[in-house]
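Scroll down for the structure; my scribbles are underneath it.
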Amino acid sequence: MELARDALAALGEGARDLCAGAARLMLFVVSVLRHGALPPAGPLAEQCWVLSRQCVLPVTLVVLPMGALISLQGASLIESFGVERLLAPLVALTAVRELAPGFAAMMVAMQAGTAVSAEVAVMRVREELDAYELMAVDPLRHVVAPRLWAGMLVAPLLSVLALLWAVMGAWAVAVGARGFASRAFLEGCLVTITPWDLAAMTIKSAVFGLVLCAVACFEGWYARGGALGVGRATNRAVVGAILGILMFNYVLNSLLYGAPAVFT
Amino acid sequence: MDALASVGAFSRFCVRGVRVLPRMDRRETLDVAASMAFGTLLVTLAVTAFAGAMLTVQGFASLKAFGTPELLGMFISLAGVREVFPLIAAGCIGAKLGSALAAEVATLRTGQQLDALEVMGIEPLEHLLMPRMTAATLVTPLLAGLGVLCGLGASGVIATLQLGVDPGAFWARALDSIHPRDIAAGLTKALAFGALTGSLGCWHGYTAGSGPWAVGRAANLTVVQLMVVGALVNLLLSHLFYGGLL
């Protein structure tokens, strides 16, 4: 009984915190846009470089096995229906629509989300952000805005990389383990992916990158109280970023691919 | 070379942890497990609900192209219950618990409280780290199971209310396609993910340097390594349960 009450209380508190957090996050993003709609080019380029350097290896290491996985599960499904020629379209569509933008964004959330939020939080708890303000350097424009835009610019590039790795992973399993014809598989993938799919992938991952960097900067910006606060900020940033990515994923899927009965 | 050395040190740490398992503080384990479960429940449910919605919209679009939207229920069971829901749930639980664990232990390390415990003759491994590792290992399958149910439920809601699939046909196809093996595979994966989360989080916290930087870095290393190792372990376990990789 007490357990159930605790669980309900935790759920209620969580829901309330979530709504309050979302509202504060939006206010934060609006103020970043007001202060730094056009961030200074130097810090922006630096952030883009740091972000891509940090994320290339994790994206590769995570997406390769994921591509292999869809090929593995897809092949057993498709062989049971006897429609082997559909494996390449299945893999290519899954990769371009969900796997590449989603997992690229997930890895940016894990890697950059923790790094960016920790960075901004450390600046906050060491009062470096206040020091910037004293020196009349706007930290929203010079610290936060470059990180925000870097996320939006780098995530689509990483999703293209992820798409290549996903198809590679799937190809390795399909050809190496399941005996599919290599050329036919690759041609099937190429034929399936339309320019529209690539455009949708770019849009999706740009939105994800923006959302996750906004969450990371937000949590870092409002960090309080020493090392403990930094830890809390990174933790909340990761969770918030994942949640944000999945929410926007659903909304964007409904807008880009779905027949959204709700919206019409 | 450094990477190899830290893998070795990490394995030694895990072996030491398993050795002190009989002397572990059980009360602390239960307390930590309860707070982990309550703290992570809401976000797990939210994330899997959105994953279910995502999968349903995508599956519907693809199946409609092949002219067989009535197979949606089967697709959700095969893709969602087998792979996507356990993976997303375990990934989300791992990210939340892992970064929280790493940050918590790293904060203790930064504040030299771990050293203080050792000086007082209290072994941190028995009273602090092992309870957390065990709790993460136990809580992850529990939450992932709830997450899978929530994902399946959300798929049903989206399929019937947003996309207009017949509820009877959807649920019949969905439930027909779930095999006990899928549930065993999902729980095993969640167990492995939980053990990884706990051990990586505690390890990176335990070996953190000093200062607020180190706390952020511990959380960062934990989640990134968790995802990389987790993706590989997931592939291997899928091969073990469903075969076909070699």
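The values are calculated or read from the model by the stated rules, or taken from the named source; none is laboratory data. Please read these numbers as outputs of a predicted model, since none were measured by experiment. Cβ coordinates were reconstructed from backbone atoms using ideal geometry, including for glycine residues, and neighbour counts include every protein chain displayed.
The table below lists the values:
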{"read-out": "Residues located in the stretch B:197-228, provided they are facing another protein chain (nearest Cβ under 9 Å) and of a type in the set (Val, Ile, Thr)", "value": "B:Val215, B:Thr222, B:Val223, B:Val224, B:Val228"}
{"read-out": "Condition broken by B:Gly168, with the remaining ones in (1) farther than 18 Å from B:Thr44 by Cβ; (2) crowded, with 21+ Cβ neighbours inside 10 Å satisfied", "value": "(2)"}
{"read-out": "Subset of the stretch A:1-32 [surrounded by 13 or more Cβ atoms within 10 Å (Cβ to Cβ) and of a type in the set (A, V, I, L, M, F, W, C)]", "value": "A:Ala7, A:Ala10, A:Leu11, A:Leu18, A:Ala22, A:Leu25, A:Phe28, A:Val29, A:Val32"}
{"read-out": "Answer from A:Val239, A:Val207 - the residue that is more than 9 Å from every other protein chain (Cβ to nearest Cβ), buried (at least 21 other Cβ atoms within 10 Å of the Cβ), assigned to a helix (DSSP H, G or I) and of a type outside the set (D, E, K, R)", "value": "A:Val207"}
{"read-out": "Long-range neighbours under 7 Å by Cβ, at least six apart or interchain, first residue in contact (Cβ under 8 Å) with a residue 12 or more places away in the chain within the stretch A:99-124, second among the acidic types (Asp, Glu) and part of a helix (DSSP H, G or I)", "value": "A:Ser117/A:Glu219"}
{"read-out": "Top-ranked residue in the stretch A:112-135 [being of a type in the set (A, V, I, L, M, F, W, C) and within 17 Å of A:Pro43 (Cα to Cα); ranked as farthest from the other protein chains (Cβ to nearest Cβ)]", "value": "A:Leu129"}
{"read-out": "Subset tally (residues that are of a type in the set (A, V, I, L, M) and over 8 Å from B:Arg173 (Cβ atoms)) for the stretch B:60-77", "value": "4"}
{"read-out": "The stretch B:12-25 - residue that is assigned to a helix (DSSP H, G or I), among the charged types (D, E, K, R) and touching a residue at least 40 places away in the same chain (Cβ under 8 Å) and, of those, nearest to B:Phe85 (Cα to Cα)", "value": "B:Arg16"}
{"read-out": "Total residues in the stretch A:172-185, condition under 18 Å from A:Arg85 (Cβ atoms), part of a helix (DSSP H, G or I) and either touching a Pro at 6+ places or on another chain (Cβ under 8 Å) or free of Cβ contacts under 8 Å to residues at least 24 places away in the same chain (or both)", "value": "3"}
{"read-out": "Residue identified as part of a helix (DSSP H, G or I), surrounded by fewer than 23 Cβ atoms within 10 Å (Cβ to Cβ) and either within 14 Å of chain B (Cβ to nearest Cβ) or not acidic (Asp, Glu) (or both) among A:Gly169, A:Gly188, A:Gly151", "value": "A:Gly188"}
{"read-out": "Helices (runs of 4 or more DSSP H) lying entirely in the stretch B:26-115 (those with 3 or more residues that are farther than 27 Å from B:Ala184 by Cβ)", "value": "B:26-65, B:85-110"}
{"read-out": "Checking B:Arg181 against (1) within 14 Å of chain A (Cβ to nearest Cβ); (2) surrounded by fewer than 20 Cβ atoms within 10 Å (Cβ to Cβ); (3) not in a helix (DSSP H, G or I), the condition it does not meet", "value": "(3)"}
{"read-out": "Test result for A:Leu228, in a helix (DSSP H, G or I) and more than 13 Å from the chain's Cα centre (by Cα)", "value": "yes"}
{"read-out": "The stretch B:67-90, residues that are at the interface with another protein chain (Cβ under 8 Å from one of its Cβ atoms) and farther than 16 Å from A:Glu98 by Cα", "value": "B:Leu78, B:Arg82"}
{"read-out": "Matching residues, the stretch B:227-246, being touching a residue at least 12 places away in the same chain (Cβ under 8 Å) and under 16 Å from the mean Cα position of the chain (by Cα)", "value": "B:Met227, B:Val229, B:Gly230, B:Val233, B:Asn234, B:Leu237, B:Ser238"}
{"read-out": "Any chance A:Val137 is at pLDDT below 90, crowded, with 19+ Cβ neighbours inside 10 Å and of a type in the set (Val, Ile, Thr)", "value": "no"}
{"read-out": "Only one of B:Ala190, B:Ala214 that is among the small types (Gly, Ala, Ser), surrounded by 16 or more Cβ atoms within 10 Å (Cβ to Cβ), at negative phi and modelled with pLDDT of 90 or more", "value": "B:Ala190"}
{"read-out": "Condition met for A:Ala227 (within 11 Å of chain B (Cβ to nearest Cβ), farther than 26 Å from A:Leu44 by Cβ, in contact with a Gly (Cβ under 9 Å, 6 or more places away or on another chain) and surrounded by fewer than 17 Cβ atoms within 10 Å (Cβ to Cβ))", "value": "no"}
